[in-house]
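Computed from the coordinates by the stated procedures, all read-outs in this text should not be read as laboratory data. Not measured: the values here are computed from a predicted model. Don't worry about glycine lacking a Cβ; one is built from the backbone with ideal geometry, like all the others, and counts go over all protein chains shown.
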Amino acid sequence: MELTINPTDYKPRLIIWEIACSCLENNLKIKSFTTKECFTIMDTIAEVSKPIIILASNYSENSKCDPLDRQDIIDILLYGNSIGLKMIVETSGEKLTQDLRNVLKTIGTKCIRVLIHDQIKEDIDNRFVQSEKFKKLDNLINQLKNEGFEIQLGIILKNFNTRELSFVVDYAVEKNAKGIYFHFQNTKSPSKSKKVNHNREDAIYWIAEQKKLLPDEMYFSPQCIKYGIKHKEDSKETESTNKSTHWCLSGKTFAYINGKGEIQICNSIKNVCGDLRKSNLNFAEIWYKSDIFNWLRYNNFSCLQTQISMTKPIPNSSESKKEIYEKI
């Protein structure tokens, strides 16, 4: 029996939206969505489900933008909250003044995700290098905790260094952070570079092992994958035992909106699934009709398998789908 996919069976649980960006195209800065356009996009998201919306910045190395740079950020948060979306701001923290924190609490935004960049470094004498950046970060997190905010930490992972990451984890546990969320970063799309990032796969499995050592209530993961167990009876390979694995969630429960308004697989796999500016700002239409999303729904790919599949043409027939799947 041929497997059929009903797109309406899939609902986004989490969307990362680069609502503040410093993207350049043809040497011109991309114009951000207006307040009214943001409202329209959120309305169409709410037609599909009521997911968590992470309002983020562009994750490029040279990006200096921050969602809190937007003068309408409170209006956007208020509107999202009013239609049932779960709104979270991801910020570097410099603009989280006392007045702004008071406003955020007033409108019901109780969770803040702080991008920590490279502020947390190992130090033999003091455990963490007491740099000016670290002290500012530590002071901000202490203030947020004292004011009743839920603390999350965000990391843009360019290089995978287990020792450096272990100190970040130690800091998060010390501060009783609700979770650490990873953004994997690639500079080129696999469809253009034809290169596959195996280093990311190593990081994913390392994270899975670390999760076992952390408090149960602490989230520690990339947001675009799901960990689980592959049962030996479900494997095509000759295996004697069950083993841990993970699945790409893009198109199933996850989507990523970049600063240009394009919907990607994720931050690091930049294949475009649809363009909001070319689709009348209709997220729902792209979510349901995207060929890439429906291809990913057809297959329970890992992150690595998703990368590989995006270097090949998306097949149209069930026979070619089966053929490509068996090669991945």
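Please list the non-local residues whose amide H lies under 5 Å from the amide H of Asp275, H modeled 1.01 Å from N, same-chain partners needing a gap of 5 or more.
Ile263
Report the calculated FRET efficiency for Ile74 and Ser279 (r = Cβ-Cβ distance, R0 = 30 Å), to the nearest 0.05. Mind dumping the intermediate values first?
Numbers: r = 27 Å, r/R0 = 0.91.
With a Förster radius of 30 Å, E is 0.65.
For the ranges 215-221, 294-300, what's the packing order if you count other beta-carbon atoms within 10 Å of each residue, average per peptide, and put the highest first?
294-300, 215-221
Assuming R0 = 25 Å, what is the FRET efficiency of Glu174 and Leu100, from their Cβ-Cβ distance, to the nearest 0.05? Intermediate values should be presented prior to the final figure.
Details: r = 26 Å, r/R0 = 1.02.
FRET efficiency, Glu174 to Leu100: 0.45.
Work out the charge dipole of the stretch 67-225 with +1 on the Cβ of Lys and Arg and -1 on the Cβ of Asp and Glu about the Cα centre, then indicate which of Leu77, Ala177, Gln130 is farthest towards its positive end.
The residue sitting most towards the positive pole is Leu77.
With +1 on the Cβ of every Lys and Arg and -1 on the Cβ of every Asp and Glu, and nothing else charged, how large is the dipole of the stretch 48-163 about its Cα centre, in debye rounded to the nearest 20?
Details: 17 positive and 16 negative charges, 59 e Å.
In total the dipole reaches around 280 debye.
So what J values fall out for the stretch 107-112 if you push phi through Karplus, 6.51 cos²θ - 1.76 cosθ + 1.60 with θ = phi - 60°, rounded to Hz, Gly and Pro as x?
8, x, 8, 9, 10, 10
At a Förster distance of 51 Å, what's the computed FRET efficiency of Lys133 paired with Lys312, Cβ-Cβ distance as r, to 0.05? All intermediate terms of the calculation are to be shown ahead of the outcome.
Details: r = 43 Å, r/R0 = 0.84.
Computed FRET efficiency for Lys133 and Lys312: 0.75.
Relative to the present Cα-Cα distance, how much length would full extension add between Asp123 and Ile5 at 0.36 nm per residue of separation? Walk me through the numbers on the way to the answer.
On the way: separation 118, 0.36 × 118 = 42.48 nm, distance 5.21 nm.
Extra length available between Asp123 and Ile5 comes to 37.3 nm.
Ordered by residue, what ³J(HN,Hα) values in Hz, to whole numbers, does the stretch 123-140 give under the Karplus form 6.51 cos²θ - 1.76 cosθ + 1.60, where θ = phi - 60° and Gly and Pro are x?
9, 5, 7, 10, 6, 10, 4, 8, 6, 4, 5, 5, 4, 5, 4, 5, 5, 4
Below 8 Å between Cα atoms, with a sequence gap of 6+, how large is the relative contact order for the stretch 87-173 in percent?
On the way: 80 pairs, mean separation 29.1, N = 87.
33 percent.
For Ser302, Ser244, Ser57, which order do you get if you count the other beta carbons within 10 Å of each Cβ and list the fewest first?
Numbers: Ser302 18, Ser244 12, Ser57 23.
So the residues, fewest neighbours to most, are Ser244, Ser302, Ser57.
Calculate, in whole percent, how much of the Cα-Cα pair population of the stretch 45-146 lies beyond 22 Å. It would help to have the intermediate numbers written out before the result.
Details: 1981 of 5151 pairs.
Distances greater than 22 Å cover 38 percent of the Cα pairs.
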